[in-house]
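The values are calculated or read from the model by the stated rules, or taken from the named source; none is laboratory data. Values in this document were obtained by computation on a predicted structure and should not be read as measured data. Note that we place each Cβ from the backbone using ideal geometry, even for glycine, and neighbour counts take in every protein chain shown.
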């Protein structure tokens, strides 16, 4: 509810201490057509003239960050500044300009097994892992590269090329941001903390990858043959891709597992690079002290010699659990201040204490979000990180007393930090595909300017009969534009007028795109345009008959064999009078309506009742949706 323009904005950046904000509020956004906010107002990314086909959010964020830095140093050169810079990379959707993707053509044809071995050898050569480190084996749940078909390999290799291009572009743009400090003569005295990753590389792209993440989220697996048809489009504006879990595992070399598996280092350890030339003497050196992301805040306070605030504007603050690692920046041999840390994520548990780690995996796989039928929950594992950098040797059987002691430490930490009860669910009991409109409403009246309504804040139209009625006035010279739209190039619907003809487009994951239109142009003056969506019923994602009428007269109709059951998009929104991000229909977004839209009415029936099996499938879908948002 806090993601709409109606507010409240209490937890938005400019209400949490930041003077300026430019970026996206959701968990992810499209690189080509992002949903952006400046302060608390929606804005549209403006591509430089002639750059529409290669200008993406990665570059746009850097442009705005550089401009802000240069402005601050011009207007208040002696005032310190703090900037939090977070790209959309490399969270799905994986998207980048073709010029960046093509740099990696053929680089990953070796597959993830061989790539992981090559990376491990490079890590040792560079000294970023100890010489004694062991490369952990591939989990049995992940397929060997050689077990894939030739077509599956083509798709998987291309998806990794896109990921690499996405990351390389982000790296380049981050460099341009840092260059702004050099340009103003501030780099030597600027503390830069760069963290790459999202609790390890993402294992959520299923076993073969996808060119449209929303299909997977909705429980639909596209055949490899379908993805091959769009292979060259992957990474571009008409794709919403994610790479296979095998590549994520390779990206977490040399550790086990990855994102969501918080029990193991592959799901908790990310690379961190710190630059502060005036204070760090061994540039390019490494540090072995155990640190947690919660240590960053106290380290920054320590660097600027500020005490940890006990209250802000009269509001008592939470206890800061982090520990400064500032002394380790100057001294590689500084003592380790963090001696223990617990982790828990969806039932995946680990407890670090004085060099030892106890780990317990829930058994739920990130690409299925459920425990496989007949699968057993794994036993606790024990590792000595001082001798075993990558958690390669499980010592639970040899040292049961140590394991028991660490389990007790975790129990105490869990009780004091409100971790219990351990919850393996990801969906949090949310209801997505079968949700009623917000507030239980079945009737809405919208006016122009009702835009940027995300997901659960939008009126429910999926899996139910509903009718949109637009009251418009057309100029004598004709008028075009969107009346209402939800979703985008990945999936969605749009009611619009193009070349004077009322039209309706329904996009079923780009696999089936249906457009109906009035054969006659609208004359100047007032008109009532109605789109009736008569749902077939019988469960979720079934077909529907869509009928377009003008002034009560039926103009066009079609049957949709499939409809989107649960979510059109995470980053795209419900919009009235324009289509704010990527276009659903055959037009260039935002395609604002150039006539007069007096109002738009929506009448929606209650969703159909679900059978027990359908309810079970829906709960699993809720988990997929919530997981993909992280």
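Quick notes on this structure:
- All conditions in (1) crowded, with 16+ Cβ neighbours inside 10 Å; (2) modelled with pLDDT of 95 or more; (3) on the phi < 0 side of the Ramachandran plot hold for residue 99, with the sole exception of (1).
- The residue of the range 34-48 that is farthest from the chain's Cα centre (by Cα), among those that are assigned to a loop (DSSP other than H, G, I, E, B) and surrounded by 13 or more Cβ atoms within 10 Å (Cβ to Cβ), is 47.
- The set of residues from the range 224-274 being touching a strand residue (DSSP E or B) at 6+ places or on another chain (Cβ under 8 Å) and in a loop (DSSP other than H, G, I, E, B) comprises 239, 241, 260, 261, 262, 263, 264, 268, 270, 271.
- You will find that of 253, 294, 308, the residue that is touching a helix residue (DSSP H, G or I) at 6+ places or on another chain (Cβ under 7 Å), surrounded by 13 or more Cβ atoms within 10 Å (Cβ to Cβ) and outside the structural domain of residue 130 (by TED's automatic domain parsing) is 308 and no other.
- Qualifying residue in the range 482-497 (condition: touching a strand residue (DSSP E or B) at 6+ places or on another chain (Cβ under 7 Å), farther than 28 Å from residue 447 by Cβ and assigned by TED's automatic domain parsing to the domain that holds residue 582): no
- Candidates 377, 315, 370, 320: the one that is touching a helix residue (DSSP H, G or I) at 6+ places or on another chain (Cβ under 7 Å) and free of Cβ contacts under 8 Å to residues at least 40 places away in the same chain is 320.
- The single condition from (1) farther than 16 Å from residue 244 by Cα; (2) part of a helix (DSSP H, G or I) that residue 130 fails is (2).
- Yes/no for residue 277 being part of a loop (DSSP other than H, G, I, E, B) and either in the same structural domain as residue 136 (by TED's automatic domain parsing) or out of contact with any strand residue (DSSP E or B) (no Cβ under 9 Å at 6 or more places or on another chain) (or both): yes
- A residue that is touching a strand residue (DSSP E or B) at 6+ places or on another chain (Cβ under 7 Å), within 16 Å of residue 294 (Cα to Cα) and part of a strand (DSSP E or B) cannot be found anywhere in the range 360-372.
- Looking across the range 380-389, the residues that are in a loop (DSSP other than H, G, I, E, B) and surrounded by 13 or more Cβ atoms within 10 Å (Cβ to Cβ) come down to 380, 385, 388, 389.
- For the residues 490, 479, the requirement of being in contact (Cβ under 8 Å) with a residue 60 or more places away in the chain and touching a helix residue (DSSP H, G or I) at 6+ places or on another chain (Cβ under 6 Å) singles out 490.
- When the strands (runs of 3 or more DSSP E) confined to the range 491-568 are screened for residues that are modelled with pLDDT of 95 or more and more than 33 Å from the chain's Cα centre (by Cα), those reaching at least 3 such residues are found at 525-535, 544-550, 553-560.
- Filter result for the condition that a residue is surrounded by fewer than 23 Cβ atoms within 10 Å (Cβ to Cβ), free of Cβ contacts under 8 Å to residues at least 24 places away in the same chain and part of a helix (DSSP H, G or I), over 188, 171: 171
- Number of the condition not met by residue 451 [criteria: (1) surrounded by 18 or more Cβ atoms within 10 Å (Cβ to Cβ); (2) modelled with pLDDT under 95; (3) touching a helix residue (DSSP H, G or I) at 6+ places or on another chain (Cβ under 6 Å)]: (3)
- Matching residues, the range 454-484, being closer than 12 Å to residue 593 by Cα, assigned to a loop (DSSP other than H, G, I, E, B) and modelled with pLDDT of 90 or more: 475, 479, 480
- Per the listing 470, 456, the residue uniquely within 29 Å of residue 30 (Cβ to Cβ) and surrounded by 23 or more Cβ atoms within 10 Å (Cβ to Cβ) is 470.
- Subset of the range 50-68 that is in contact (Cβ under 8 Å) with a residue 60 or more places away in the chain and in a helix (DSSP H, G or I) - its residue that is nearest to residue 23 (Cα to Cα): 61
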